[in-house]
Amino acid sequence: MSACSPEWNERVSAWLDGEVERMERLRVEAHLAGCPGCAAAAAAFGRLGAALRRGAGVARARRVLPGRRRVRPAFRAAALAAGLALAAGGIAGGAWLARRGGPGLDRGLASDAERTHLRSFSRASPCEFESRDPGAVASWLEGALGFAVPVPELPGATLLGARRCALGGQPAAHLLYRVGERALTVLVPGAGSPASAAVERVSRAGASCTAGPLGERVCAVPLGRPALAVSELEPPALLALFDAPRG
């Protein structure tokens, strides 16, 4: 089952993420009590989050999602189906492999980054602020977060907009892009935050990319400050986008 409308899908997702004020929380909870479709959607999103927190084997995830590389950027249905399949199958464990030697990303941080990516692109409206103008996106993020965020123009990628998010419980910027038919997230934690320090340590160790539970690549990328990129693109193609970013 799905939420009773795209609007309620978005509101339920925001409620699950803890992004709503008290009155909105009460309204959503009252609605869930009387709407079977939205209650089922809330349960499905909850199982998705639980599955991602547990971790999931890459090989098994690829078996339950055989066509996932052909999914379009706003892959709400694919992301939700992945969560349901993983939760129903009780998949646990996780296969986190550093692509370039070194210790690799902290497992919790990598899981948090992948979950943020999938949850955002499973929304009816992935972006809080929609714009293809890097300057406009940077200005909105600085006003929303209180710190400057680099917003690169990446060759072959289309900027969709941005969201506010959290990494390691601290505010971070979430940039959303499209690369052909694939989704790309760039996460920029606040300077001095534990997430920023963790990404910087990984970058210095040379462990650029990690494979996530659903097969998404989580890579430390150069933006002039610590940042993570998340996508289903293979690591060489993903890292090539950041070899000479413009903007």
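The values are calculated or read from the model by the stated rules, or taken from the named source; none is laboratory data. Please read all numbers here as calculations on a predicted model, not as lab measurements. A quick note on method: Cβ atoms are made from the backbone with ideal geometry, for glycine too, and the neighbour counts reach across all protein chains shown. The area values use the complete protein model at the heavy-atom level, side chains included, leaving out ligands, DNA and RNA. Shrake-Rupley method; radii C 1.70, N 1.55, O 1.52, S 1.80 Å.
A few remarks follow.
- Summed over the stretch 194-208, the residues that are at pLDDT 85 or above and surrounded by 19 or more Cβ atoms within 10 Å (Cβ to Cβ) give a count of 4.
- Test: residue in the stretch 47-66 that is buried (at least 19 other Cβ atoms within 10 Å of the Cβ), in a helix (DSSP H, G or I) and at pLDDT 50 or above: yes
- Residues in the stretch 227-237 that are surrounded by fewer than 24 Cβ atoms within 10 Å (Cβ to Cβ) and out of contact with any Gly (no Cβ under 8 Å at 6 or more places or on another chain): Ser231, Leu233, Glu234, Pro235, Pro236, Ala237.
- Filtering the stretch 202-216 to residues that are touching a residue at least 40 places away in the same chain (Cβ under 8 Å) and either within 20 Å of Arg164 (Cβ to Cβ) or of a type in the set (D, E, K, R) (or both) leaves only Glu216.
- Filter pass, Arg182 being within 15 Å of Gly108 (Cβ to Cβ), open to solvent by 10 Å² or more (accessible area, probe 1.4 Å) and modelled with pLDDT under 95: no
- Members of the stretch 195-234 that are among the basic types (Lys, Arg), assigned to a helix (DSSP H, G or I) and over 21 Å from Gly169 (Cα atoms): Arg204
- All conditions in (1) farther than 23 Å from Glu234 by Cα; (2) open to solvent by less than 20 Å² (accessible area, probe 1.4 Å); (3) of a type in the set (A, V, I, L, M, F, W, C) hold for Leu175, with the sole exception of (1).
- Looking across the stretch 86-134, the residues that are in contact with a Lys or Arg (Cβ under 8 Å, 6 or more places away or on another chain), part of a helix (DSSP H, G or I) and at pLDDT 55 or above come down to Ser111, Arg115, Ser120, Phe121.
- Restricting the stretch 128-165 to residues that are touching a residue at least 40 places away in the same chain (Cβ under 8 Å) and either among the acidic types (Asp, Glu) or touching a helix residue (DSSP H, G or I) at 6+ places or on another chain (Cβ under 8 Å) (or both), the residue that is most open to solvent (accessible area, probe 1.4 Å): Glu153
- Considering residues of the stretch 1-43 that are of a type in the set (Asp, Glu) and at pLDDT below 85 only, the residue most open to solvent (accessible area, probe 1.4 Å): Glu21
- Residue pairs meeting the criteria (Cβ under 6 Å; at least 6 apart or on separate chains; first of a type in the set (D, E, K, R), in the stretch 171-193; second surrounded by fewer than 19 Cβ atoms within 10 Å (Cβ to Cβ) and not in a strand (DSSP E or B)): Arg178/Pro73; Glu181/Arg72
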